[in-house]
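The next block holds one structure in the form of structure tokens; read it before the comments.
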Amino acid sequence: MENCPIILDTDPGIDDAVALAVLNYYCPERVRLILTSYGNISVEKTTRNAQTLRALLGWEVPVVKGSVRPENNRYEEAAHIHGADGLGGLRLEAPMELGEAEDGDFLQRVRDRICTLGLVEYITLGPLTNLAALLRRFPEVRPCIARVVCMGGGFGVGNVTQWAEFNIHCDAESADFVFAELPEIALIPLNITNKVAFDLEQIAEMTQPDTPLCRAMGQILRMNYHACVNYGEKGSTMHDSAAVLYAIFPELFETERCGVRVDCGERYGETLREESRRNVILPREAQISALLERIAEAIRRPEKNF
Ligand code: RIB
Ligand code: CA
């Protein structure tokens, strides 16, 4: 997969922001479209944040505004973790030309991009509403999606309820559909991502270089650290970076194959193993220190002076 073009589906969000920096550092040319979603905050704000991050990273990549809400209309934002604006109140030092975000029939736009590219890796860092809607409306894209890499779910652990993780809990029906529909899905769950967390000392060390990127990341990560710890997490938890790092450095993960289904009833959003299928690649373990170091390097990026 290492050279496959990427469609990134994201709801920035502080940990999404760091994941964007990771992709921009290690494989900027692979990312061919950023599709935003409601989730951590409204899609208006996640789209604005994607434009801000694109400018901060000096990245030429289209941003397309995606779904406003799930069909079942029951999701709640995560402003308590990401701030009211979704980026911890980030104030850029100087006005930046943020560029435009495409608005309108985003499913048609994404379908056209995927069919033109022929084969893509589709990475989801937020709810699965966009992807499920795309597959339902344009089944012809199904063979063009070589693999989905999804940050989501948890087995015996949740962060919205005791059994449901946020991205899945936003739209369990769409997640259940996607997990049954596609032939290859790498699912990076809370069992792994909860361990990928920075403390304040690590944040200070990795944002020490005097660059606009390090200054911005230092600000949002310090805010996120306190919010995450107040919420019972280990530190500033890099859920989404762990997922994108699977797409870049899969050798840092030890995986098994199974199927996964999603409870859409009593335990809404709970992910459960489904042994009748084997289309899901599920990490059992990961080299957590190596993941943290790869993230820190993407922020320090000594040779790229933004
Ligand atoms: O549960 C963590 C996930 O939910 C991350 O993708 C975070 O950004 C939020 O979207
Ligand atoms: Ca996210």
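The values are calculated or read from the model by the stated rules, or taken from the named source; none is laboratory data. Not measured: the values here are computed from a predicted model. No Cβ is skipped: glycine too gets one built from the backbone with ideal geometry, and neighbour counts run over all protein chains shown. Side chains are part of the model used for accessible areas, which takes the heavy atoms of the whole protein and leaves out ligands, DNA and RNA. Shrake-Rupley method; radii C 1.70, N 1.55, O 1.52, S 1.80 Å.
Overview of values
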{"read-out": "The chain: calculated mean residue ellipticity at 222 nm from DSSP helix runs of at least 4, using -39500 (n - 2.57)", "value": "-11500 deg cm²/dmol"}
{"read-out": "Cβ-Cβ FRET estimate between GLU44 and LEU117, R0 fixed at 25 Å, reported to 0.05", "value": "0.35"}
{"read-out": "Modelled FRET efficiency - R0 30 Å, PHE249 with LEU92, Cβ distances, 0.05 increments", "value": "0.50"}
{"read-out": "Candidates LEU128, LEU119, LEU23, ranked by Gaussian network fluctuation over the chain, Cα under 10 Å, top entry", "value": "LEU119"}
{"read-out": "Cα centre as origin, Lys/Arg/Asp/Glu Cβ charges: the chain dipole, Debye", "value": "240 debye"}
{"read-out": "Separation in nanometres of the label points that stand 7 Å from Cα toward Cβ, at GLU293 and GLU2", "value": "1.8 nm"}
{"read-out": "Segment 189-278: GluC sites (Glu not before Pro) falling in loop per DSSP and having at most 13 other Cβ within 10 Å", "value": "GLU266, GLU275"}
{"read-out": "The chain, accessible area per residue, ligands and nucleic acids excluded (1.4 Å, Å²)", "value": "39 Å²"}
{"read-out": "Carbon and sulfur %, accessible surface of the chain computed with the full protein complex present, 1.4 Å", "value": "48 percent"}
{"read-out": "ARG284-ARG257 pseudo-label distance in nm [points 7 Å out on the Cα-to-Cβ vector]", "value": "1.5 nm"}
{"read-out": "Dipole-positive endmost among LEU134, ILE123, ALA247 within the chain (Cβ charges, Cα centre)", "value": "LEU134"}
{"read-out": "Gaussian network model of the chain, Cα within-10 Å springs - most flexible of GLY118, GLY232, GLY88", "value": "GLY232"}
{"read-out": "Rounded Å value of the spacing that divides the Cα centres of segment 1-74 and segment 241-306", "value": "17 Å"}
{"read-out": "Positive-pole candidate from ILE81, TYR26, GLY269, dipole of the chain, charges at beta carbon", "value": "TYR26"}
{"read-out": "Beta bridges per DSSP with both ends in segment 171-306, % antiparallel, nearest 5", "value": "85 percent"}
{"read-out": "Selection from GLN287, VAL260, ILE299, by position along the positive dipole direction of segment 256-306 (Cβ)", "value": "ILE299"}
{"read-out": "Heavy atoms of HIS80: accessible area, 1.4 Å probe, square angstrom to 10", "value": "100 Å²"}
